[in-house]
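Shown next, in structure tokens, is the structure this report addresses.
The values are calculated or read from the model by the stated rules, or taken from the named source; none is laboratory data. Note that the coordinates shown come from a computational prediction; the quantities given were computed from them, not determined experimentally. Cβ placement follows ideal geometry from the backbone for every residue including glycine, while neighbour counts extend to all protein chains displayed. All accessible areas refer to the heavy atoms of the entire protein, side chains included, with ligands and DNA or RNA removed. Shrake-Rupley method; radii C 1.70, N 1.55, O 1.52, S 1.80 Å.
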Amino acid sequence: MILLDLPLGTRVVVRYRVEGGFTDALGELRDRDSSSCTVETKRGLVVVPLEAVVAAKPVPPAPARRRPKSSGPPPGDS
């Protein structure tokens, strides 16, 4: 399984079985052992049992955040 070969800190997406279907955990691989892996997502740490994993792969870094649009006219347009 690829999760066992990736260095901790790698950004990953892990698809795993949950009751009623599947879900994904996207974030940094923080920990793993013989029975589970831990992914740090935007919402916090997600511990995924390895037996529930159906797919996993490394992914590129998240894109840079965009600056919020300003609500007023650009400076100098008075």
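Overview of results
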read-out: Residue within segment 48-57 that is part of a strand (DSSP E or B), open to solvent by 30 Å² or more (accessible area, probe 1.4 Å), of a type in the set (Lys, Arg) and free of Cβ contacts under 8 Å to residues at least 24 places away in the same chain present; value: no
read-out: Every residue from segment 27-41 that is buried (at least 17 other Cβ atoms within 10 Å of the Cβ) and either free of Cβ contacts under 8 Å to residues at least 12 places away in the same chain or hydrophobic (A, V, I, L, M, F, W, C) (or both); value: Leu29, Cys37, Thr38, Val39
read-out: In segment 33-52, the residues that are acidic (Asp, Glu) and touching an Asp or Glu at 6+ places or on another chain (Cβ under 7 Å); value: Glu40
read-out: Subset tally (residues that are farther than 14 Å from Ala55 by Cβ and part of a strand (DSSP E or B)) for segment 1-17; value: 1
read-out: Selection status of Leu29, modelled with pLDDT of 95 or more and part of a loop (DSSP other than H, G, I, E, B); value: no
read-out: Selection within segment 35-56 - hydrophobic (A, V, I, L, M, F, W, C) and in contact with a Lys or Arg (Cβ under 6 Å, 6 or more places away or on another chain); value: Ala52, Val54, Ala55
